[in-house]
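Quick notes on the structure that follows.
Nothing in this text is a laboratory measurement; each read-out follows from the coordinates by a stated rule. Bear in mind the structure is a predicted one, so any value in this text is a computation, not a measurement. FYI the Cβ positions are ideal-geometry reconstructions off the backbone, even for glycines, and counts take in every protein chain you see.
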Amino acid sequence: MKLVVAVTGATGAIYAVRLLEALKTKEVEVHLVLSHWARETMRLETGLDEENLRQLAAHYYPENDLTAPLASGSFQHQGMVIVPCSMKTLAGIAHGYAANLIIRAADVTLKEGRKLILVPRETPLHAIHLENMLTLARLGAVIMPPMPAFYYHPRNIDDLVNHLVGRILDQLGLEFELATRWCGGEKTNLNAGVPKFGANGRQVRR
């Protein structure tokens, strides 16, 4: 499987790292693009640098390299993920303004009818953000904001990150072992022994 993964400067760099780690274990051929601000956010939030991420990908391209293979529809791949996706990048894709390789590759992905997954990271959202997302959803893009779920009793940030990355892998048709799936009520005993909390925020004693 061949995928394009792009990382922008929005907060949430850990989602990109975990996705790249998961794809590497599955021997997926990843073509990676980092924006300038993605590198800065990565350093601030995770302590990792560009070289750390390049080691998780098969190929790497600078964001301004519009001669890269993935800038052309003739470059065959099975999908593209932008994680996290900034509002600037989202707007560029929605309006066909291919100012860099990330937006151009996303534009190509849409025009060729391939899967495009966007993980937008912003809150609150104003009308322009929502209209851009609606435009892209109507064009077939998958909009996956990193909204945490709590039915599986996450114990830490890793659990929350893994859950979202697992959902991304689902969209790509890839099996994952990062999180347990919902299987209905009490059957979903994902983390036995994990503290539960009442409406007052206090831990419920079992």
Given the peptides 145-156, 80-91, arrange them by the average over their residues of other C-beta atoms within 10 Å, most packed first.
-> 80-91, 145-156
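Between residue 95 and residue 143, what is the FRET efficiency for a Förster distance of 25 Å, r being their Cβ-Cβ separation, to the nearest 0.05?
Numbers: r = 16 Å, r/R0 = 0.64.
It comes out at approximately 0.95.
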Span-rule helices in the chain, defined as complete DSSP H runs reaching 18 Å or more along the axis (Cα) with Kyte mean at least -1.0 | 13-25, 157-171
Counting only Cα, what are the radius of gyration and maximum Cα-Cα distance Dmax of region 1-116, in Å?
-> 12.9, 36
What's the local net charge at residue 140, with K and R +1, D and E -1, over the other residues with C-beta under 13 Å away?
-> +2
List the equivalent ellipsoid semi-axes of the chain in whole Å, largest first, each obtained as the square root of 5λ for an eigenvalue λ of the Cα gyration tensor.
-> 31, 19, 17
Positive dipole terminus of the chain, leading residue within 180, 55, 146 (C-beta point charges) | 180
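Using the beta-carbon distance between residue 66 and residue 183 and R0 = 45 Å, what value does 1/(1 + (r/R0)^6) give for FRET efficiency, to the nearest 0.05?
Numbers: r = 46 Å, r/R0 = 1.03.
Efficiency computed from Cβ-Cβ geometry: 0.45.
Roughly how compact is region 46-89, stated as its Cα Rg over 2.2 N^0.38 Å to two decimals? Walk me through the intermediate numbers first.
Working: Rg = 12.4 Å, N = 44, 2.2 N^0.38 = 9.3 Å.
Rounded to two decimals, the normalised Rg is 1.34.
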Taking a crude spin-label model, label points 7 Å out from Cα along the C-beta direction, the residue 151 to residue 134 distance in nm is 2.8
Between residue 51 and residue 126, how many nm apart are label points set 7 Å from Cα along the C-beta direction?
-> 4.1
Within the set of other residues whose C-beta is less than 13 Å from the C-beta of residue 116, count the net charge using Lys and Arg as +1 and Asp and Glu as -1.
-> +3
